[in-house]
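Colleague: Just dropping this structure here.
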Amino acid sequence: MYVDGSDMLACPKCNTYLWRDDVPILKSMRDYEYFDNPEWKSLPEASQLYGRDYKYLLPLKLWRNKTEEKYVRIRAWWSFNAKYRLQACENFKLPAEQEENLERLLHLLDTNNQHSLVMKADIFRELGQFNECLRTINQVSDNRYSKVVNVIKKLAKSSTRQVGLVA
């Protein structure tokens, strides 16, 4: 699942994590204005956080509400799964902190939202709760998710906890 940009940033000077919405906008400008002005180019650039960084944020609990918590937890989950997406692993096992992350994420996802139902089903599958996975995935009625629904069902029916590739 590709994420364009990040809602969180890291300050390169002090290693503080910031929510993008909290960073004040000094000026909005076109690229050429920025690159042509040495004064602006001398300012430090906050770096975006990428998937691999989010697992380090979980214990910091930088969120201020459930929406922000859900955002960090989903990205930590995706980050963990990324290394298994393209290669099979015979001994796939979730570390304790990832199991805790997924258990908490189950409570944050909205069951009235089709996308969230797909995520919940996949979380149940990764936790090894295959019957709950199948019960949840059968509630998804939006045809836009049919490809991923079929993959999740196939993995759950074969008792596979590792993430699978949706092609």
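No lab work stands behind these numbers, since they all come straight from the coordinates. A quick note: this is a predicted structure, and the numbers were derived from the prediction, not measured. Cβ: placed from backbone, ideal geometry, glycine included. Neighbour counts: every protein chain shown.
Colleague: Given the -39500 (n - 2.57) contribution per DSSP H run of 4+ residues, what per-residue ellipticity at 222 nm results for the chain, rounded to the nearest 500 deg cm²/dmol? Spell out each step's value before the answer.
Modeller: Values: 8 runs with 79 residues, N = 167.
After summing the helix terms and dividing by the residues of the chain, the value is -14000 deg cm²/dmol.
Colleague: Here's something else I'd like to know. For the range 115-129, take each phi angle, set θ = phi - 60°, evaluate the Karplus expression 6.51 cos²θ - 1.76 cosθ + 1.60, and give the result in whole Hz per residue in order, putting x for glycine and proline.
Modeller: For the range 115-129, the Karplus curve yields 4, 5, 4, 4, 5, 4, 4, 5, 5, 4, 5, 5, 7, x, 9 Hz.
Colleague: Shifting gears a bit: Any chance you could check the Cα centroid distance between the range 140-155 and the range 64-139 for me, in angstrom?
Modeller: 15 Å
Colleague: Here's another thing I want to ask about it. Which is the longest stretch in the chain that no exposed loop site breaks, taking sites as GluC sites (Glu not before Pro) with a DSSP loop state and at most 14 other Cβ atoms within 10 Å? It would help to have the intermediate numbers written out before the result.
Modeller: On the way: sites that count: Glu45, Glu90.
Longest run free of exposed loop sites: 91-167.
Colleague: With +1 on each Lys and Arg Cβ and -1 on each Asp and Glu Cβ, and nothing else charged, work out how big the dipole of the chain is about its Cα centre, in Debye to the nearest 20.
Modeller: Details: 26 positive and 22 negative charges, 140 e Å.
The calculated dipole for the chain is roughly 680 debye.
Colleague: For a quick check: sort Asp53, Asp36, Asp122 by the number of other beta carbons within 10 angstrom, fewest at the front.
Modeller: On the way: Asp53 17, Asp36 11, Asp122 24.
Ascending number of Cβ neighbours within 10 Å: Asp36, Asp53, Asp122.
Colleague: Can you run phi through the Karplus equation (6.51, -1.76, 1.60; θ = phi - 60°) for the range 16-24 and list ³J(HN,Hα) in whole Hz, with x for Gly and Pro?
Modeller: Per-residue couplings from phi come out as 7, 8, 9, 7, 3, 5, 8, 7, x Hz.
Colleague: Shifting gears a bit: Which residue, Tyr56, Val149, Ala96, has the largest displacement toward the positive end of the dipole of the chain when charges sit on each Cβ (Lys, Arg +1; Asp, Glu -1)?
Modeller: So the residue we want is Val149.
Colleague: Specify which residue in the list Cys133, Tyr17, Gln87 is farthest towards the positive end of the charge dipole of the chain, using unit charges on the beta carbon of Lys, Arg (+1) and Asp, Glu (-1), about the Cα centre.
Modeller: Comparing the listed Cα positions along the dipole, Cys133 ranks first.
Colleague: Using a Gaussian network for the chain with springs between C-alpha atoms less than 10 Å apart, which of these wobbles most: Thr16, Thr136, Thr111?
Modeller: Residue with maximal mean-square fluctuation among Thr16, Thr136, Thr111: Thr16.
Colleague: If you build a Gaussian network model of the chain, linking Cα atoms that sit under 10 Å apart, which residue out of Asn131, Asn101, Asn143 swings the most?
Modeller: So, out of Asn131, Asn101, Asn143, the one fluctuating most is Asn143.
Colleague: Still on this structure: Under 5 Å between amide hydrogens, which residues at least 5 positions from Met8 or on another chain qualify, with H placed 1.01 Å from N in the peptide plane?
Modeller: Arg20, Leu49
Colleague: For the chain, take every pair of Cα atoms, bin their distances at 10 Å starting from 0, and report each bin as a whole percent.
Modeller: 9, 32, 30, 16, 10, 3, 0
Colleague: Have a look at Leu106, Ser158, Leu117 and report the one farthest towards the positive end of the charge dipole of the chain, computed about the Cα centre with Cβ charges (Lys/Arg +1, Asp/Glu -1).
Modeller: Of Leu106, Ser158, Leu117, it is Ser158.
Colleague: Still on this structure, I have one more. Could you check the spin-label model distance between Lys157 and Gln139? Points 7 Å from the Cα along Cα→Cβ, value in nm.
Modeller: 2.2 nm
Colleague: Please turn the phi angles of the range 142-148 into ³J(HN,Hα) values with the Karplus equation 6.51 cos²θ - 1.76 cosθ + 1.60 (θ = phi - 60°), one per residue in order, whole Hz, x for glycine and proline.
Modeller: Values per residue, Gly and Pro as x: 7, 5, 4, 9, 4, 4, 5 Hz.
Colleague: Something else about it: Take the chain, connect every pair of alpha-carbon atoms lying under 10 Å apart with a spring to form a Gaussian network, then pick out the residue of Val140, Val72, Val23 with the largest mean-square fluctuation.
Modeller: Val23
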